[in-house]
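Trainee: Okay, handing you the structure first.
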Protein chains: 2
Amino acid sequence: MARARTTSDAFNAVAEPRRREILDYLALAERPVGDIVASLGLEQPSVSKHLGVLRKVGLVRVRRHGRHMLYRTNAEAIRPLHEWTKEFERFWTHQLTRVKERAEAKSQERTTTE
Amino acid sequence: MARARTTSDAFNAVAEPRRREILDYLALAERPVGDIVASLGLEQPSVSKHLGVLRKVGLVRVRRHGRHMLYRTNAEAIRPLHEWTKEFERFWTHQLTRVKERAEAKSQERTTTE
DNA sequence: TTGACATATTCCCATATAGGCATGTATATT
DNA sequence: AATATACATGCCTATATGGGAATATGTCAA
């Protein structure tokens, strides 16, 4: 079996840094594709493809306005990600844990090759 | 260019559902590989490979105990993910936003093919 | 209708995956 | 030393990717 599709869920879609940048950019206001292209410095087809992925997993919403397509982030779709990571929050808030981590990190440097 | 490596960062590593399950499982206590195999119902080599990915991005720590390798989740490495998703939290906490989303979701069903 | 503009789609390709299977390596036991 | 146990690694394959370039689609303007 190969890697899961980027369009299979929010986790996979968001793994791509460029798509996270797009979501950041479209979080505050809806914008046409051209603005994203100018802002991210990517080729227009690339941006359209990224938007296609984001749209399939519901991370962005679109609406046509003349010949412009206005995209914007649908934060609700990021929620599952937030909920999952939140489960681990308590592990790094405890001082004790952090102290232990630091000590173990040293012996780790030898084990973790590359 | 192809897709980024699963070992390039926590975002990519965590995109795989099985790896998230492993992180959930190893969050509370350290466990040998055999336990994970039994718990997830995956082949041992698969588990070892997943653990290899998680280790390379620092999501798990290992320590040898006899012929057992004791793994456990390093929650600290999940933190960047949490921080990023947290930025969007305010968008779903506002009632107004949610109401608007719901209304727009309807017209979306026609646009979002597949 | 013709043309310009905005965006989407298609084709091509090098690259990395995840699983299955076989095998290698390290440690403990006798 | 020989064997069993616990993991790790290597090999193979189908599959999806992201970027680049070219082209198609859709909308407005004259």
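The numbers here are math on the coordinates, done by the rules we state, and not lab data. Everything quoted here is computed from the prediction, not taken from an experiment. Using ideal geometry, Cβ is built from the backbone for each residue, glycine included, and neighbour counts are taken over all protein chains shown.
Trainee: Mind listing just one residue for me: the one in the range A:51-72 that is more than 7 Å from DNA strand C (Cβ to nearest atom) and basic (Lys, Arg) and, of those, nearest to A:ILE36 (Cα to Cα)?
Mentor: A:ARG72
Trainee: Let me ask something else about it. What number of residues within the range A:49-74 are free of Cβ contacts under 8 Å to residues at least 40 places away in the same chain and more than 19 Å from the chain's Cα centre (by Cα)?
Mentor: 7
Trainee: Just checking, which of B:ASP35, B:ASP24 is within 12 Å of chain A (Cβ to nearest Cβ) and among the acidic types (Asp, Glu)?
Mentor: Residue meeting the stated conditions: B:ASP24.
Trainee: Filter the range B:1-46 down to the residues that are assigned to a helix (DSSP H, G or I), away from DNA strand C (no atom under 11 Å from the Cβ) and under 15 Å from B:ASN74 (Cβ atoms) and list them by number.
Mentor: B:ALA10, B:ARG20, B:LEU23, B:ASP24, B:TYR25, listed by residue number.
Trainee: From the residues in the range B:65-89 that are among the charged types (D, E, K, R) and not in a strand (DSSP E or B), which one is farthest from the other protein chains (Cβ to nearest Cβ)?
Mentor: Ranking the qualifying residues of the range B:65-89, first place goes to B:ARG67.
Trainee: Of the residues that sit in the range A:52-64 and are surrounded by 12 or more Cβ atoms within 10 Å (Cβ to Cβ) and within 11 Å of DNA strand D (Cβ to nearest atom), which one is nearest to the other protein chains (Cβ to nearest Cβ)?
Mentor: Going through the qualifying residues, I end up with A:LYS56.
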